[in-house]
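Enquirer: Take this structure, written in structure tokens, and hold onto it; I'll ask about it next.
Where a number appears in this text, it was derived from the coordinates with a stated rule and is not lab data. Because the structure is a prediction, the values reported are computed rather than measured. Every residue, glycine among them, receives a Cβ derived from its backbone with ideal geometry; neighbour counts consider all protein chains shown.
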Amino acid sequence: MEKKDIFYPDTVPILLYNKHIEYLKHVSCSSYGNSYDFKSTESIRMSGIYWCLTALDITHSLKEFLQKPANNSDSISEEERIVNFLLQCYNPDGGFGAAVGHDSHMLYTLSAVQILVLLRKLDLVDKHKIARFISTLQQVDGSFAGDNKYSEIDSRFSFCAIACLYLLSLLDAFDLQKHPSSPFGIDTNKAVDFVLKCQNFDGGFGTVPGSESHAGQVYCCIGVLTITRALHKIDTDLLAWWLCERQLPSGRLGGLNGRPEKLPDVCYCWWVLSSLKMLGRLHWINKEALIFYIRACQDPETGGISDRPGDCCDPFHTLFGLAGLQLLGAASELQEINAVFCLPQYVVDAIEEDCCLDQLRAHRDKNAK
Amino acid sequence: MHGRIKVRTTEEQNLQKHKEQQKKLTAYRMGMKQILATRDADSYNKDSLALSAQLLTINPDIYTLWNYRKEVVLIEIKKSYQDEVADDQKLIHFFEEELRLTEQCLLSNPKSYGSWHHRYWILNHHTKPNWQREFDLCNKYVSLDDRNFHCWDFRRLIVNKIGISLADEIAFSTERININFSNYSSWHYRSTLQILNDENSVANDLILVQNAVFTDPIDTSAWFYLRWVLSHPGITKIQKEDLLNALEQLQELEPECKWIIMAKCWLVKQGNLEKDAICRLKRYYTELIKLDPLREGHYKDCFKVF
């Protein structure tokens with residue numbers, strides 16, 4: 001049977017670092033808001049902002065961008081514009097919608113919290129209220145719904161919930177295992193149990209128990225197990241092997257697909273790589289071939305990265321391409337990225353410090369009584 | 001965002017495209033504005049409902065609009081309980097309209113989470129759901145794209161609802177595999193059917209998957225399933241030996257196929273590793289590094305076990 005393959009060029013550019021910064025600034029600034037690509041993706045806007053800002057941050061361009069005046073006016077900065085937008089998406093139920101007027105959803109609540117953490121503006125929201133919203137999404141079997149009304153279940157939402165609580169520094173405080181008599185909280189054991197039920201014959205993870213293994217779901221499930229320190233419960237080698245089998249030879253290029261017999265895609269470079277990093281098996285893929293693949297997906301004219309060589313680029317693939325290159329050690333220009341949260345490492349370090357500070361504060365207050 | 005080839009367009013094409021895009025954006029902006037302005041817990045506006053259908057047909061990922069439609073359905077359900085004259089037909093017609101909308105959306109975008117979830121949600125509230133029809137829909141979509149995991153997930157939900165027997169699903173799985181060995185989703189589905197129950201079923205599946213890998217050794221799907229079958233404690237020594245011999249023969253025909261060597265590793269690795277087995281495994285991993293250099297890191301770690 002003839003195998004599908006991608007188009008791949010003969011030569012591959014180096015990392016077009018400055019071009020990507022140019023692209024990111026272009027798609028992040030307020031005037032881009034008039035473009036079709038921007039307006040037609042309103043129902044994922046919050047995630048779009050997170051992708052842009054994180055990519056800007058790892059290319060050391062975030063601070064400068066945030067201080068720029070929005071809409072070429074002097075009244076507010078890009079940062080203020082983004083924060084205003086975010087707060088308008090903060091719904092009465094404690095969750096965030098993708099855009100103004102859109103319903104609360106777990107996906108966009110995570111993206112919003114990631115943005116707030118990036119901007120160091122978590123104090124603008126009621127963290128406990130967000131955590132309470134998240135806790136209402138957990139089902140009896142430990143899974144998480146996407147919203148508090150219509151019960152779409154997906155292991156992605158388990159990751160969103162756990163990651164969000166961690167970024168809010170409330171994972172411990174909202175852990176019913178640790179505070180069983182608390183009126184609000186999540187059962188982390190059950191959350192882990194559900195995720196484990198999503199594991200398949202090949203070691204991979206799917207959307208819900210019984211669903212086919214998919215690299216995106218693997219990232220989410222391994223993320224949950226990493227944050228809750230439950231990785232020892234799975235067969236690491238089997239999963240890591242399934243993950244490294246995602247690499248496909250196309251000439252010198254070696255991109256990654258999301259599941260067997262599918263085409264490679266830069267976003268899978270991230271989902272697979274970060275999972276391998278969490279599993280301690282990053283060396284199981286061929287770094288050079290993957291680096292060539294990601295670099296072949298760059299757009300030398302406009303900057304930005306696409307899913308495959310020759311395709312249109314977008315912020316989603318730009319972030320994951322850059323993040324992938326950083327994880328591979330192929331881009332010393334970039335800030336270190338954290339594999340679990342897909343946020344700059346220094347941002348995640350600050351959360352851990354906050355956690356420690358909270359613990360210290362609690363300890364000190366206890367002793368003072 | 002995936003698979004959009006970058007094409008060069010003329011100025012005239014750009015202008016035309018821009019015109020069409022502006023039209024779509026205006027429709028979206030005005031539509032959303034009206035729908036959100038008329039959104040209410042106790043009543044709904046028929047024009048807004050119609051607008052939401054138009055917008056979802058163009059973009060089924062506007063999840064807020066699927067939520068809105070669910071609210072409207074709940075209002076209709078509540079109304080039908082409160083009405084003095086029971087009008088089952090009106091409510092059923094309403095449900096059917098929702099299903100028709102999701103089907104329309106799925107035709108142009110068969111991978112939208114929102115469309116599949118809305119359909120299932122409607123069926124759960126439907127007073128007279130036609131599960132057979134849903135089954136047929138599943139089969140239709142699997143035929144169109146047998147890797148569409150939304151469709152397989154939907155099938156699993158339906159099967160639970162109407163209590164289709166495991167034996168029937170096993171037969172379906174066998175049929176799908178025989179239509180196309182290169183279908184990872186079919187092999188995966190099979191693995192969820194509690195199939196490796198006894199020696200007989202293990203032997204049967206070994207034959208099925210062996211047939212697949214020998215027919216098309218380049219396709220990876222069946223090899224993953226073979227690995228799983230071989231990990232079952234019910235595999236006999238004779239079955240392993242027979243398979244090993246067959247693999248040696250296949251290797252002569254397909255010397256470049258790494259999967260054959262991988263399968264030999266799986267067979268030799270089981271049980272206590274005597275000196276001879278370790279020698280063979282070392283030889284196999286060395287061959288694998290040559291044939292499959294992308295995964296050298298993995299194979300080198302396999303060496304370390306000895």
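Enquirer: For the range A:142-264, what's the radius of gyration and Dmax over Cα atoms, in angstrom?
Expert: According to the Cα coordinates of the range A:142-264, Rg and Dmax are 16.0, 59 Å.
Enquirer: Could you give the spread of the C-alpha atoms of the range A:202-324 along their three principal axes, from largest to smallest, in whole angstroms?
Expert: Between the extreme Cα coordinates on each principal axis of the range A:202-324 lie 47, 26, 24 Å.
Enquirer: Among bridges DSSP assigns within the protein assembly as shown, what percent are antiparallel (round to 5)?
Expert: 95
Enquirer: Compute the FRET efficiency between A:Thr236 and A:His60 as 1/(1 + (r/R0)^6), taking r as their Cβ-Cβ distance and R0 = 35 Å, and round to the nearest 0.05. Could the numbers behind the result be given before it?
Expert: Working: r = 34 Å, r/R0 = 0.98.
Given R0 = 35 Å and the Cβ-Cβ separation, E is 0.55.
Enquirer: Across the Cα atoms of the range A:71-208, what radius of gyration and what greatest pairwise Cα-Cα distance (Dmax) are found, in Å?
Expert: 16.2, 58
Enquirer: Please list the helices of chain B that count as membrane-span-like by this rule: a mean Kyte-Doolittle hydropathy of at least -0.5 together with Cα atoms stretching 30 Å or more along the helix axis, each helix being a complete DSSP H run. Intermediate results must be reported in sequence, preceding the final value.
Expert: Details: long enough: B:11-37 (38 Å, -1.40); B:88-108 (31 Å, -0.29).
Membrane-span-like by this rule: B:88-108.
Enquirer: Moving on. In µm²/s, what is D for the range B:28-108 at 37 °C and 0.692 mPa s, where D = kT/(6 pi eta Rh) by Stokes-Einstein and Rh is the Kirkwood radius from Cα pairs?
Expert: Details: Rh = 13.3 Å.
Once the numbers are plugged in, D ends up at 247 µm²/s.
Enquirer: Over all directions, average the projected area of the Cα convex hull of chain B and note it in nm².
Expert: Average projection, Cα convex hull of chain B: 23.1 nm².
Enquirer: Spin-label point model (7 Å from Cα, Cβ direction): what's the B:Asp136 to B:Asp87 distance in nm?
Expert: A separation of 2.8 nm, rounded to one decimal place.
Enquirer: Just how far, in whole angstrom, is the range B:230-306 from the range B:118-190 if you go by their alpha carbon centroids?
Expert: 35
Enquirer: Mean separation of Cα pairs under 8 Å and 6+ residues apart, divided by the residue count of the range A:1-127: what relative contact order is that in percent?
Expert: 21
Enquirer: Moving on to the next point. Round to a whole angstrom and tell me the spacing of the C-alpha centers of the range B:33-94 and the range A:290-356.
Expert: 42
Enquirer: Follow-up question, since we're still on this one. Check which residues have an amide H placed less than 5 Å from A:Asn338's amide H, if you skip close sequence neighbours.
Expert: Placed amide hydrogens put A:Leu343, A:Gln345 under 5 Å from A:Asn338.
Enquirer: State the dimensionless ratio Rg/Rh of chain A (Rg: radius of gyration of Cα atoms; Rh: Kirkwood radius).
Expert: 0.97
Enquirer: Just to be sure I understand: if I project the alpha-carbon convex hull of the range A:111-170 onto a plane and average over all orientations, what area do I get in nm²? Let's see the in-between values first.
Expert: Working: hull surface 15.9 nm².
The orientation-averaged projected area of the Cα hull of the range A:111-170 comes to 4.0 nm².
Enquirer: Which order do A:Ile153, B:Ile177, A:Ile186 fall in if you start with the one that has the fewest other Cβ atoms within 10 Å?
Expert: A:Ile153, B:Ile177, A:Ile186
Enquirer: Work the Kirkwood hydrodynamic radius out for the range B:76-225: mean of 1/r over every pair of different alpha-carbon atoms, inverted, in Å.
Expert: Evaluated over the range B:76-225, this radius sits at 17.4 Å.
Enquirer: Extending each Cα 7 Å along its Cβ direction at B:Leu244 and B:Ala27, get the distance between those two points in nm, one decimal.
Expert: Once both label points are built, they end up 6.5 nm from each other.
Enquirer: Right, next: Can you give the extra length, in nm with one decimal, that the chain gains between B:Gln104 and B:Gln13 once fully stretched, where that is 0.36 nm per residue apart less the Cα-Cα distance?
Expert: 29.9 nm
Enquirer: Another question, then. For an R0 of 30 angstrom, estimate the FRET efficiency from the Cβ-Cβ distance between B:Glu71 and A:Tyr32 and round to the nearest 0.05. Could the numbers behind the result be given before it?
Expert: Numbers: r = 33 Å, r/R0 = 1.10.
After rounding to 0.05, the efficiency reads 0.35.
Enquirer: Relative contact order of chain A, please, whole-number percent, based on alpha carbon pairs below 8 angstrom and at least 6 residues apart.
Expert: Details: 618 pairs, mean separation 63.3, N = 369.
Relative CO of chain A lands at 17 percent.
Enquirer: Pairs of Cα atoms under 8 Å, at least six residues apart: use those to get the relative contact order of chain B, whole percent.
Expert: Contact order relative to length: 8 percent.
Enquirer: In deg cm²/dmol, rounded to 500, what helix-only [θ] at 222 nm does the protein assembly as shown give when every DSSP H run of at least 4 residues adds -39500 (n - 2.57) and the total is split over its residues? Let's see the in-between values first.
Expert: Working: 30 runs with 401 residues, N = 675.
Taking each H run of at least 4 residues, the total per residue is -19000 deg cm²/dmol.
Enquirer: Hey, another quick one. So for the pair A:Ile14, B:Glu96, with labels modelled 7 Å out along Cα→Cβ, what separation do we get in nm?
Expert: According to this spin-label approximation, the distance is 6.7 nm.
Enquirer: Quantify how much of the Cα-Cα distance distribution of the range A:11-104 extends past 23 Å, in percent.
Expert: Numbers: 1259 of 4371 pairs.
Here the long-distance tail beyond 23 Å is 29 percent of all Cα pairs in the range A:11-104.
Enquirer: Divide, for the protein assembly as shown, the radius of gyration over alpha carbons by 2.2 N^0.38 Å, where N is the residue count.
Expert: For the protein assembly as shown, the normalised Cα radius of gyration comes out at 1.00.
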